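J.: This structure is in structure tokens; I'll ask about it shortly.
The values are calculated or read from the model by the stated rules, or taken from the named source; none is laboratory data. For clarity, every value in this text was computed on a predicted model and none was experimentally measured. Cβ placement follows ideal geometry from the backbone for every residue including glycine, while neighbour counts extend to all protein chains displayed.
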Amino acid sequence: MLRKIMNATTVFLILIVLAIAVTGGILYAQLRTDSVSAILAEEQAMRALLVAHDEDGPFLSVLLFFDNRTGRAAVLDIPASVGAVLRPLGRVDGIGAIFDARDPGEYRRQVESLTGVSIPLVFLLDTSQLVDFIDLLGGMDLFIISDYRDPDGADPMLLPSGSTRLDGEKSVQYLKEQLRSDVDAEQAGRRQTFVQALLREIKANAAFLGHRDVAPVRDRLISTETESRGVTAFFTALGRIDPDRLVRRRIQGTVRRVEVAGVPRDLLFPHFEGQWLKQSVQQIQQTLADRSEDEGLEMLVSLEILNGTSRTGLARRTSELFENFGFQVLNVGNAESSSVDHTLIIDRRGIGDLAERVAAVIDGRRVLTEIRPDSDVDITIILGGDFDGTRVRTERQ
């Protein structure tokens, strides 16, 4: 009898333990935080590398920034032709040369080194996946600058100018064909416009993409190490952005012809060994986090940049720096003297704090106000001998 009671008690205790374990497992599965939500909760900001590729490597590669506090986002275009010393290959080449869709870790590390920030999220789509993903969204609206005709091939394209809604096949085909014919700067703009249009569709379909019946289909179209719940959280976050206020940036640099394995290639090398780019990335993150009412006013400030030194091309290169930070540069030229000692930021409109913001880009300390009602620009920058190309140095530096 005692043995029967002991056996019954043991079975009862085992059942209780099992019930507690099952309940705990269910609660854990329901309450655990996915990786994307954890990033947003801890950092309040998200960085994701989005790459579309074919057998030749990436044809679309952008670093997406999102700030959870302000709901603002930015994209940095990263062409495969960005030149760098690729240690795994033992040569100088475009970063697209180390891309491997089966293991994108090395490519991610190269982009992290290039930009100076960690990238916790990577999403890959091959051509067919991108086509199907756009079709899952119901197509996308693209603005065609001029009538486009491509009569060759099994599926001829005849697209009228203006805003046109295209299916996945035609959207990707139009992007890739235009990238073959455009110059580098136009290619970057076209890729950014494509991404902006795609983000509009994602925003409109964020709830749809997160639906439990759609998620399995969605996940088959995206290659990523992020778990399905995290992918849902990612698209939910993108649903909170305003694509029309998207900050768009591209890598500023010099195109040089480099011989790679006996074949000449044109590679884009970022200015000042990438220091400008890293500064620009930091500025992007600061801009997205800025909750002040005057955010984005940089685009309303017009600049004139004059070279007060004997260094050829300094004003032009500096104009690219300021444009990368979102300012308008209307005039580039030489100052009256080529032996200016100290860099000057001259406020022509009395715009005060915005002049200080311009100076902060290059650590300028000499901000003057000389109002000229007839001036075509808001601020004149005269570069002096204390400017090293990226920032103004003090005498002790």
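J.: From LEU40, LEU27, LEU2, which residue is at pLDDT 70 or above and either in contact with a strand residue (DSSP E or B) (Cβ under 9 Å, 6 or more places away or on another chain) or more than 29 Å from ILE95 (Cβ to Cβ) (or both)?
T.: Only one candidate qualifies: LEU40.
J.: Follow-up question, since we're still on this one. If I ask for residues that are free of Cβ contacts under 8 Å to residues at least 60 places away in the same chain and over 9 Å from the mean Cα position of the chain (by Cα), which ones from segment 51-83 would you list?
T.: GLU55, ASP56, GLY57, PRO58, ALA80
J.: Name the residues in segment 297-317 that are surrounded by 14 or more Cβ atoms within 10 Å (Cβ to Cβ) and either in a loop (DSSP other than H, G, I, E, B) or modelled with pLDDT of 90 or more (or both), would you?
T.: Those that are surrounded by 14 or more Cβ atoms within 10 Å (Cβ to Cβ) and either in a loop (DSSP other than H, G, I, E, B) or modelled with pLDDT of 90 or more (or both): VAL301, LEU303, GLU304, ILE305, LEU306, ASN307, GLY308, THR309, ARG311, LEU314, ALA315.
J.: Looking at THR33, is it outside any helix (DSSP H, G or I), modelled with pLDDT under 95, buried (at least 17 other Cβ atoms within 10 Å of the Cβ) and at negative phi?
T.: Considered against the rule, which asks whether it is outside any helix (DSSP H, G or I), modelled with pLDDT under 95, buried (at least 17 other Cβ atoms within 10 Å of the Cβ) and at negative phi, THR33 comes out as no.
J.: Restricting to segment 331-372, name every residue that is buried (at least 17 other Cβ atoms within 10 Å of the Cβ), in contact with a Gly (Cβ under 6 Å, 6 or more places away or on another chain) and assigned to a loop (DSSP other than H, G, I, E, B).
T.: ALA335, VAL340, THR343
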